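Written out below as structure tokens is the structure these notes cover.
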Amino acid sequence: MIRKTIFAGFGGQGVLMMGYIYAHAVMNEGYHVTYLPSYGVEVRGGTANCTVAVSDEEIASPIASEPDYLVVMNKPSLYTYQNRLAPQGSIFLNSSIIDTKPTRKDVNIHDVPVGEMAGRLGNPRVQNIVMMGSFIKKTGLITPESFLKGLKQILGEKKKSAMEINRKAFAAGYNLEI
Amino acid sequence: MQGNRVIGEAAIRAGCRFYAGYPITPQNELTEYMADNMRRAKNGTFIQAESEIAAINMVLGAAAAGARAMTSSSSPGISLKQEGISSLAADELPAVIVNIMRGGPGLGNILPSQGDYFQATRGGGHGDYRTIVLAPASVQELADLTMDAFDLADRYRNPVLILADGMMGQMSEPVEFSEPAPRQYPESYVLNGRGKGKSRFIRGLILDAIRMEEHNWKLYRKYQVITQKEVRFETFWTDDAEILIVAYGTAARIAKGAIKRSREMGIPVGLIRPITLWPFPMEVIRSFAERVDNFLVFEMNTGQMVEDVQLALGGIGKVQFYGRPGGVIPTPAELAKVIAHHARKK
């Protein structure tokens, strides 16, 4: 089994953080995992992406030429990556700001209005965690508890207070019917 | 944990107490990690130098004064350090130099590449010398080989180069740090004041021809010992292989993926992965040639290590090459196609 996911969006949307927490969580469950960020001249407002590969055996390449899952937080990322997605793969789409439909017809599309949902929670910064709630539910590879444990490890002791809002954001995404 | 940071953590755990560097992508997180973490090491020193050249010469000074010292850079920066590396070899000083390779020549780009094989394994700087070159293929191996690099540098009083690429540096994987062995480095090599003992000196400038020749032969004998004792490699699925891939670092990882695919199609292919690029596993490759006559060298360049494989085989067997330079990372599927093509041609 190998599952590759590309997370992509604007710099500042927490795209790398999504992948890094996910990688951490699957590591805790004993999988082989690689996390590879884009490391070019990205700046806030520019584009950012990362690839997470999860497998029950050694991972040859951390690059996804044909990812199983695509998490897109902005429109340019949808255009860039949708054609790479494996047939029957899944796109998780930030429907709050992506106003077009994917052209691919052979894949599953999950619209997640992360902007509105994070807005209702009173903190636009947790949009990425809302998205991860839906992602973890639909992909089913790890439990929500594992993800939250990974999140806690990444946030660390210093940001304990941030945990509560992130937990709510994750639950909102997890419980969303998509 | 990210590869670059893992190198930093492994170095500190191994007792590295002096780091000097100058920023360059894709190894910046290593410099950053040292800036953040060297302070928690007792007597640790971090210096962001004014240039790569300054950094390597600071490392030379720290090594002479008895510190476990390290510097890091990426391809163009490593070129700048060559004079210092040559001096470390001449002065017989231990130091660890990390090269997180990027596309070249010139400033090239910042993507993963294996273009610096020749520079790394042929000494790189001027003069008749060698550096031990370690080529990790996973984040775990970055940790293990970084610790080993300090021990090897001390044991042979010679610079050790860790040769990885942007993918190794940027990628995160799970890692466990082993317990480092206590340092064994004789006080008599350290320039910290002779006290009442014999004068100590370190010298790379030897104007007398006969004495310089003696020094060259002394270094040569040391390199012979390293060649005999320190070769490291991994074999993968070689037992019944009729085609052998030779690849290192990132390319070797991709090769493993390609081999799995090829095996599913019934192609008997295996891998020899040199872990030390110098000393190169010449004997190992030669011994495989008694059974296998079909070699495919795969590198992320236009063909560098392939010359060592040819040298090892000395004209026996067929050596083919497949390479992608410039920061392109081929997929296991792509390499599997090359293997299939290669198998048919046979």
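The values are calculated or read from the model by the stated rules, or taken from the named source; none is laboratory data. Given the structure is predicted, the values throughout are model-derived calculations rather than measurements. When we count neighbours, we look across all protein chains shown, and the Cβ atoms used for this are built from the backbone with ideal geometry, even at glycine. For accessibility, only protein heavy atoms count, side chains too; no ligands or nucleic acids. Shrake-Rupley method; radii C 1.70, N 1.55, O 1.52, S 1.80 Å.
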Dipole of the protein assembly as shown (Lys/Arg Cβ +1, Asp/Glu Cβ -1, origin at the Cα centre): which of B:Gly127, B:Asn294, B:Val96 lies farthest to the positive side?
-> B:Val96
Tell me, in nm to one decimal, what length is gained between B:Ala35 and B:Asp240 on full extension, where the rule is 0.36 nm per residue of separation less the Cα-Cα distance?
-> 68.9 nm
Report the convex hull volume per residue for the protein assembly as shown, counting only C-alpha atoms, in Å³.
-> 158 Å³
Give the long-range amide H neighbours of A:Gly11: residues separated by 5 or more places, or on another chain, with amide H under 5 Å away, using H modelled in the peptide plane at 1.01 Å from N.
-> A:Gly45, A:Gly46, A:Thr47, A:Ala48
Work from the charge dipole of region A:1-58 (Cβ charges, +1 for Lys and Arg, -1 for Asp and Glu, about the Cα centre) and give the residue of A:Tyr39, A:His24, A:Val54 farthest towards its positive end.
-> A:Tyr39
Counting other Cβ atoms within 10 Å, which trypsin sites (Lys or Arg not before Pro) in region B:1-74 have at most 13 and lie in a DSSP loop?
-> B:Lys42
Protein accessible area in the protein assembly as shown, 1.4 Å probe - carbon and sulfur % | 51 percent
Coil-residue GluC sites (Glu not before Pro) of region B:270-304, DSSP, other Cβ within 10 Å capped at 16 = B:Glu290
Can you tell me the dipole magnitude for the protein assembly as shown around its Cα centre, using point charges on the Cβ only (Lys, Arg +1; Asp, Glu -1), in Debye to the nearest 20?
-> 700 debye
In debye, nearest 20, what is the charge dipole magnitude of chain B about its Cα centre with +1 on Lys and Arg Cβ and -1 on Asp and Glu Cβ, if you could check?
-> 400 debye
Roughly how big is region A:2-175's charge dipole about its Cα centre, with Cβ charges of +1 (Lys, Arg) and -1 (Asp, Glu), in debye to the nearest 20?
-> 560 debye
Based on a Kirkwood Rh over C-alpha pairs, give the Stokes-Einstein translational diffusion coefficient of region B:213-308 at 37 °C and viscosity 0.692 mPa s in µm²/s.
-> 227 µm²/s
Dipole of region A:2-175 [Lys/Arg +1, Asp/Glu -1 at C-beta], most positive-end residue of A:His110, A:Thr139, A:Ala162 | A:Ala162
By how many degrees, between 0 and 90 and to the nearest 10, does the Cα long axis of helix B:82-91 differ from the longest principal axis of chain B?
-> 60 degrees
Roughly speaking, what is the centre-to-centre gap between region B:14-83 and region B:260-316 when only Cα atoms are used, to the nearest Å?
-> 34 Å
Go ahead and estimate [θ] at 222 nm for the protein assembly as shown from helices alone: -39,500 (n - 2.57) per DSSP H run with n ≥ 4, summed, over the residue count, rounded to 500.
-> -12500 deg cm²/dmol
Using the structure shown, list the pairs from B:Lys42/B:Lys222; B:Lys256/B:Lys345; B:Lys256/B:Lys318; A:Lys4/A:Lys168 with a Cα-Cα distance above 25 Å, or answer none.
-> B:Lys42/B:Lys222; A:Lys4/A:Lys168
Expressed in nm to one decimal, what extension gain is obtained for the pair A:Arg84 and A:Ile165 from 0.36 nm per residue of sequence separation less their Cα-Cα distance?
-> 25.8 nm
Taking H placed 1.01 Å from N in the peptide plane, check which residues at least 5 places from B:Ala14 or on another chain put their amide H under 5 Å from its amide H.
-> none
For the pairing of chain B with chain A, what total accessible surface becomes buried, with a 1.4 angstrom probe, in square angstrom to the nearest 100?
-> 1500 Å²
Nearest-ten-degree value, helix B:52-64 long axis tilted from longest Cα axis of chain B = 60 degrees
Roughly how many whole Å is it from the C-alpha centroid of region A:37-113 to that of region B:176-250?
-> 46 Å
Among the trypsin sites (Lys or Arg not before Pro) within region A:3-111, which fall in a DSSP loop and have no more than 12 other Cβ atoms within 10 Å of their own Cβ?
-> A:Arg44, A:Lys105
So for the pair B:Leu191, A:Asp106, with labels modelled 7 Å out along Cα→Cβ, what separation do we get in nm?
-> 6.7 nm
Of B:Met58, B:Met282, B:Met212, the most mobile residue in a GNM of chain B (C-alpha springs, cutoff 10 Å) is B:Met212
